[in-house]
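The values are calculated or read from the model by the stated rules, or taken from the named source; none is laboratory data. Since we're looking at a predicted model, the values are computed, not measured. No Cβ is skipped: glycine too gets one built from the backbone with ideal geometry, and neighbour counts run over all protein chains shown.
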Amino acid sequence: MQNEPVKCSNLVHEFYLTCIILNHIVNRTIYQVNKMITANDLKIKGIACLEESLADSPEAVITVRGKECFVVMKIEHYHYLREMELEAALYETQQDVAAGRFSKGSVDQHVAELFAE
């Protein structure tokens with residue numbers, strides 16, 4: 001008798017993803033308020049400016065003429081966000097399959113259905 005992996009209910013999985021997303025939103029809001037880099041600082045200090053700003057936060061916003069234009073982040077944080085994005089896409093796909101929101105057919109049939117809508 002083999003042990004089968006325990007499957008989490010959809011509600012638990014959805015709650016988990018919601019917590020991750022909320023945590024990211026809260027953290028990003030806090031970091032955006034505190035971590036601003038002006039284009040001039042970046043021009044003068046170069047990469048040292050980025051290293052300094054990212055020393056204690058995963059993201060920093062670069063402003064140009066007082067307007068937020070770019071976000072820089074640590075590569076670890078980028079990989080984390082990418083993983084969460086893929087996890088959310090997988091979850092959505094699993095929900096679509098479970099609800100029967102998919103079709104079987106050729107690529108040509110699928111393209112024809114998309115343009116018929």
(message) Show the residue pairs meeting these rules: Cβ distance below 7 Å; 6+ apart or different chains; first residue within the range 87-104 and modelled with pLDDT of 90 or more; second residue among the aromatic types (Phe, Trp, Tyr) and not in a helix (DSSP H, G or I).
(response) Asp96/Phe102
(message) Of everything in the range 84-117, what is in a helix (DSSP H, G or I) and of a type in the set (S, T, N, Q)? Give them in sequence order.
(response) Thr93, Gln94, Gln95, Gln109
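To keep it simple, each residue is scored yes or no on (1) in contact with a helix residue (DSSP H, G or I) (Cβ under 8 Å, 6 or more places away or on another chain); (2) part of a strand (DSSP E or B); (3) at pLDDT 95 or above.
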{"residue": "Gln2", "(1), (2), (3)": "no, no, no"}
{"residue": "Val6", "(1), (2), (3)": "no, no, no"}
{"residue": "His13", "(1), (2), (3)": "yes, no, no"}
{"residue": "Cys19", "(1), (2), (3)": "no, no, no"}
{"residue": "His24", "(1), (2), (3)": "yes, no, no"}
{"residue": "Ile30", "(1), (2), (3)": "no, no, no"}
{"residue": "Ile37", "(1), (2), (3)": "yes, yes, no"}
{"residue": "Ala55", "(1), (2), (3)": "no, no, no"}
{"residue": "Ala60", "(1), (2), (3)": "yes, yes, no"}
(request) For the range 40-61, enumerate the residues that are hydrophobic (A, V, I, L, M, F, W, C), under 18 Å from His79 (Cα atoms) and loosely packed, with under 11 Cβ neighbours inside 10 Å. (result) Ala55
(request) Return the residue satisfying two criteria in turn: it lies in the range 84-101 and is small (Gly, Ala, Ser) and exposed (fewer than 11 other Cβ atoms within 10 Å of the Cβ), and of such residues it is nearest to Ile20 (Cα to Cα). (result) Ala89
(request) Any chance you could count how many residues in the range 62-83 are surrounded by 10 or more Cβ atoms within 10 Å (Cβ to Cβ) and either part of a strand (DSSP E or B) or among the hydrophobic types (A, V, I, L, M, F, W, C) (or both)? (result) 10
